[in-house]
Amino acid sequence: QVQLVESGGGLVQAGGSLRLSCAAHGRIARINAMNWYRQAPGKQRELVAGITSSGSANYLDSVEGRFTISRDNAKDAGYLQMNSLKPEDSAVYYCNALMQTFPAWSDVDAWGQGTLVTVSS
């Protein structure tokens, strides 16, 4: 069984910064991609940023230049550095990992429980 544990959410003023962390636990053989999604009240969940095992990253247009996704393969962890936060960034942020697990190298699409980010104006 695999578990993703997120941390780092909270309340911040507009223009401030937060760093979200995601730690993967379990019999993990390899994490292929790590992604951060968010869902605001009344809106659909959207992909904010993603990073491949080789470090190639992509971003939602509205966060490009403000957010930075990274990962530590040795620790099975991922991060989302969020700078210049805006009220419209307020949402529950979810970590997602596409991975393979031991012993059979099974494909797993794992999700964290979500962490709330609130940006006040």
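The values are calculated or read from the model by the stated rules, or taken from the named source; none is laboratory data. The structure displayed is predicted, hence computed values, not measured ones. Here the Cβ is made from the backbone with ideal geometry for all residues, glycine too, and neighbour counts use every protein chain on show. What goes into the accessible areas is simple: the full protein's heavy atoms, side chains included, and nothing from ligands, DNA or RNA. Shrake-Rupley method; radii C 1.70, N 1.55, O 1.52, S 1.80 Å.
The table below gives the values:
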read-out: Mean Cα-pair separation over length for the chain, i.e. relative contact order, pairs under 8 Å, 6 or more apart, %; value: 36 percent
read-out: Within the accessible area of the chain (1.4 Å probe), percent carbon and sulfur; value: 48 percent
read-out: Extended-chain gain in nm, criterion 0.36 nm per residue less alpha-carbon gap, Asn73 and Asp61; value: 1.7 nm
read-out: Electrostatic dipole magnitude of segment 61-121 [Cβ: Lys, Arg +1; Asp, Glu -1; Cα centre; debye, to 20]; value: 200 debye
read-out: Length added when fully stretched, Gln39-Ala104, from 0.36 nm per residue minus Cα-Cα; value: 20.1 nm
read-out: Segment 102-108 - phi-based ³J(HN,Hα) in whole Hz, Karplus 6.51/-1.76/1.60, Gly and Pro as x; value: 6, x, 9, 6, 6, 7, 10
read-out: Segment 56-74 and segment 4-50: distance between their alpha carbon centers, rounded to Å; value: 11 Å
read-out: Segment 72-121, relative contact order in percent, only Cα pairs under 8 angstrom and at least six apart counted; value: 40 percent
read-out: Projected label distance in nm at Gln81 and Ala23, using a 7 Å step from Cα toward the beta-carbon; value: 2.1 nm
